[in-house]
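Asker: Take a look at the following structure, please.
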Amino acid sequence: MKFKAAFKILRPVNCLMGGLTVIIGILNTRTGIPFLELILNLFLGVLTYILIAGSGMIINDIYDIEIDKINRPERPLPMREISVKEAKYYYIIILAIGILLAIIHSLLLNLGYVNIIVAAFFGFIGWLYAAYGKKSGIFGNIIVSISFSIGLLYGAILNGYNVPLYIYFFFLTAFFLLFAREVVKGCEDIEGDKREGGVKTLAIILGVHKALYISIIFDLLAIGFFILPIFTNIINFWAYLISMFFGLAVVIIAFILSVVSDLSKKSFGKISLFLKIGAFLGLLAFVFASI
């Protein structure tokens, strides 16, 4: 197994974006937390998330190898840069290290094992999505959205169980935005999904037109919950308010593109890209909220 392929199959950009959610959860609940404990939470929390998220990427590619030969032929498994057997061993090792880190983290800082339960749940839904969720449509979309957003809650509970309201608003913003993007990706990948058979994305069940309407509804929900934190006791109101507009503008562009879409693969690709950029800018706004 080539190092480059082993790195690529983890989809590091996605994992790092997810790792940023853990940082956000920790920094926005850091009041009263000793500096050394804060650093350990950041290091171990982010690394745990990245490893478990990476294992989810691997198992997803294992189950999706036939679909990816059509939709994502550039990925390591379709290109035979990694064998399926190697990928399975890699998945087990990466997931095991992630769970082990969560256990070490709990023992070091006496976290009460809640972080281990959340980490194990995260690993479980990663497998669940790959094995059953992808083909189940809306259930799979929910799993993916939780998998990305859960880092916000995971980071917050590392500092204690009294999670402030704005963290839940952050979580719901990320959840709804990722849900909208997953629906759009289903529209974009409909050709390969139909060829695979048994895939029940909203695009296949309802058609791309109705599926796109559903994604638009979730865009609006994400926008609403993105605004709500300004009415709570976030650490830095003005930094959040100013930085929020950048992510908001990009998501609004994605919303407009959805409304005027010609339902082509290229159009869905643009919408998906803008939602991804909007999600990243939204995460940066959540970071500024903690400064």
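The values are calculated or read from the model by the stated rules, or taken from the named source; none is laboratory data. Note that this is a predicted model, so its numbers are computed, not measured. All Cβ positions, even for glycine, are placed from backbone atoms using ideal geometry, and neighbour counts span all protein chains on display. The area values use the complete protein model at the heavy-atom level, side chains included, leaving out ligands, DNA and RNA. Shrake-Rupley method; radii C 1.70, N 1.55, O 1.52, S 1.80 Å.
Asker: Taking the stated definitions as given, is residue 124 under 19 Å from residue 140 (Cα atoms) and either open to solvent by less than 10 Å² (accessible area, probe 1.4 Å) or not in a loop (DSSP other than H, G, I, E, B) (or both)? Before the answer, list the steps.
Answerer: Working: under 19 Å from residue 140 (Cα atoms): yes; either open to solvent by less than 10 Å² (accessible area, probe 1.4 Å) or not in a loop (DSSP other than H, G, I, E, B) (or both): yes.
In short, yes.
Asker: When the residues of segment 1-20 are filtered to those that are outside any helix (DSSP H, G or I) and of a type in the set (D, E, K, R), which remaining residue is modelled with the lowest pLDDT? Walk me through how you get there before you give the answer.
Answerer: Here is the first cut: in segment 1-20, the ones outside any helix (DSSP H, G or I) are 1-2, 9-11.
Next, from what is left, pick out any that are of a type in the set (D, E, K, R): 2, 11.
Values: 2: 82, 11: 92.
It comes out as 2.
Asker: Of everything in segment 85-121, what is part of a loop (DSSP other than H, G, I, E, B) and in contact with a Ser or Thr (Cβ under 6 Å, 6 or more places away or on another chain)? Give them in sequence order.
Answerer: Step one: of segment 85-121, the residues part of a loop (DSSP other than H, G, I, E, B) are 110-113.
Answer for segment 85-121, where residues must be part of a loop (DSSP other than H, G, I, E, B) and in contact with a Ser or Thr (Cβ under 6 Å, 6 or more places away or on another chain): just 113.
Asker: Look at segment 24-61 and say how many of its residues are over 17 Å from residue 98 (Cβ atoms) and open to solvent by 10 Å² or more (accessible area, probe 1.4 Å).
Answerer: Going through segment 24-61 one residue at a time, the tally reaches 12.
Asker: Now for a different question. For segment 219-236, how many residues are touching a residue at least 12 places away in the same chain (Cβ under 8 Å) and surrounded by fewer than 18 Cβ atoms within 10 Å (Cβ to Cβ)?
Answerer: Total satisfying the criteria: 9.
Asker: Let me ask you something else. Just checking, does segment 95-115 include any residue being open to solvent by less than 30 Å² (accessible area, probe 1.4 Å) and among the β-branched types (Val, Ile, Thr)?
Answerer: No, segment 95-115 has no match at all.
Asker: Follow-up question, since we're still on this one. Can you name the condition, by its number, that residue 139 falls short on among (1) touching a residue at least 12 places away in the same chain (Cβ under 8 Å); (2) open to solvent by 30 Å² or more (accessible area, probe 1.4 Å)?
Answerer: Residue 139 satisfies every listed condition except (1).
Asker: Could you say whether any residue in segment 152-169 is under 22 Å from residue 248 (Cβ atoms) and open to solvent by 40 Å² or more (accessible area, probe 1.4 Å)?
Answerer: The first filter runs over segment 152-169 and keeps only residues under 22 Å from residue 248 (Cβ atoms), leaving 152, 164-169.
Keeping just the survivors that are open to solvent by 40 Å² or more (accessible area, probe 1.4 Å) gives 165, 168.
Yes, there is a match, as at least one residue in segment 152-169 is under 22 Å from residue 248 (Cβ atoms) and open to solvent by 40 Å² or more (accessible area, probe 1.4 Å).
Asker: Kindly establish whether residue 183 is among the β-branched types (Val, Ile, Thr), surrounded by fewer than 21 Cβ atoms within 10 Å (Cβ to Cβ) and touching a helix residue (DSSP H, G or I) at 6+ places or on another chain (Cβ under 8 Å).
Answerer: Values: among the β-branched types (Val, Ile, Thr): yes; surrounded by fewer than 21 Cβ atoms within 10 Å (Cβ to Cβ): no; touching a helix residue (DSSP H, G or I) at 6+ places or on another chain (Cβ under 8 Å): yes.
So residue 183 fails the test.
Asker: While we're here: Residue check, residue 169 against (1) closer than 16 Å to residue 287 by Cβ; (2) outside any helix (DSSP H, G or I), all met but one. Which one?
Answerer: Among (1) closer than 16 Å to residue 287 by Cβ; (2) outside any helix (DSSP H, G or I), residue 169 violates only (2).
Asker: Same structure again: Being in a helix (DSSP H, G or I) and touching a helix residue (DSSP H, G or I) at 6+ places or on another chain (Cβ under 6 Å) is the filter here, so list the residues in segment 241-263 that pass it. Working first, answer last.
Answerer: Quick first cut of segment 241-263, residues in a helix (DSSP H, G or I) only: 241-259.
If the condition is that a residue be in a helix (DSSP H, G or I) and touching a helix residue (DSSP H, G or I) at 6+ places or on another chain (Cβ under 6 Å), then 241, 243, 244, 246, 247, 250, 251, 253, 254, 255, 257, 258 are the ones that fit.
Asker: Can you tell me which residue within segment 237-291, out of those that are open to solvent by less than 30 Å² (accessible area, probe 1.4 Å) and aromatic (Phe, Trp, Tyr), is modelled with the lowest pLDDT?
Answerer: 268
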